[in-house]
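Visitor: Below is a structure I'd like to ask you about.
The values are calculated or read from the model by the stated rules, or taken from the named source; none is laboratory data. For clarity, every value in this text was computed on a predicted model and none was experimentally measured. Note that each Cβ is placed from the backbone with ideal geometry, even for glycine, and that neighbours are counted across all protein chains shown.
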Amino acid sequence: MNTTKSHPLRRSRNNRIIAGVCGGLAEFFGISAFWFRLLFFLFFIPGGVPGLLIYLLAMIVIPSE
């Protein structure tokens, strides 16, 4: 019997800075949004393209709440 509560992956309305991608990932995985924001920032540093493309793709693919 599975007693854990499963949350669907959605962009967050409450925990958002730009589009709610990091907040939604944080709610889905149960960790702080700070870590996802840091990860996207680190991907953004080497020229911006890797982080921006990943973020835009996630923004398109992950539905909003």
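Visitor: Take the conditions part of a helix (DSSP H, G or I) and in contact (Cβ under 8 Å) with a residue 24 or more places away in the chain and apply them to G24. Does it pass? Let's see the steps before the verdict.
Guide: Numbers: part of a helix (DSSP H, G or I): yes; in contact (Cβ under 8 Å) with a residue 24 or more places away in the chain: yes.
Yes, satisfied.
Visitor: Of (1) modelled with pLDDT of 90 or more; (2) of a type outside the set (A, V, I, L, M); (3) surrounded by 13 or more Cβ atoms within 10 Å (Cβ to Cβ), G51 satisfies all except one. Which?
Guide: Checking G51 against (1) modelled with pLDDT of 90 or more; (2) of a type outside the set (A, V, I, L, M); (3) surrounded by 13 or more Cβ atoms within 10 Å (Cβ to Cβ), the one that fails is (1).
Visitor: Still on this structure, please answer the following. Restricting to the stretch 37-65, name every residue that is closer than 13 Å to R11 by Cα, of a type in the set (A, V, I, L, M, F, W, C) and in contact with a Gly (Cβ under 8 Å, 6 or more places away or on another chain).
Guide: I62
Visitor: Based on what the data block shows, is I45 at pLDDT 90 or above and farther than 15 Å from M59 by Cβ?
Guide: Here the answer is no, as I45 does not meet what is asked.
Visitor: Let me ask you something else. Just to be sure I understand the filter: pairs with C-beta atoms under 9 Å, separated by 6 or more residues or on different chains, first member in the stretch 36-65 and small (G, A, S), second member surrounded by 14 or more Cβ atoms within 10 Å (Cβ to Cβ) and outside any helix (DSSP H, G or I). Which pairs pass?
Guide: Listed pairs, sorted by first residue: A58/R11; A58/A19; S64/R10; S64/R11; S64/S12; S64/A19; S64/G20.
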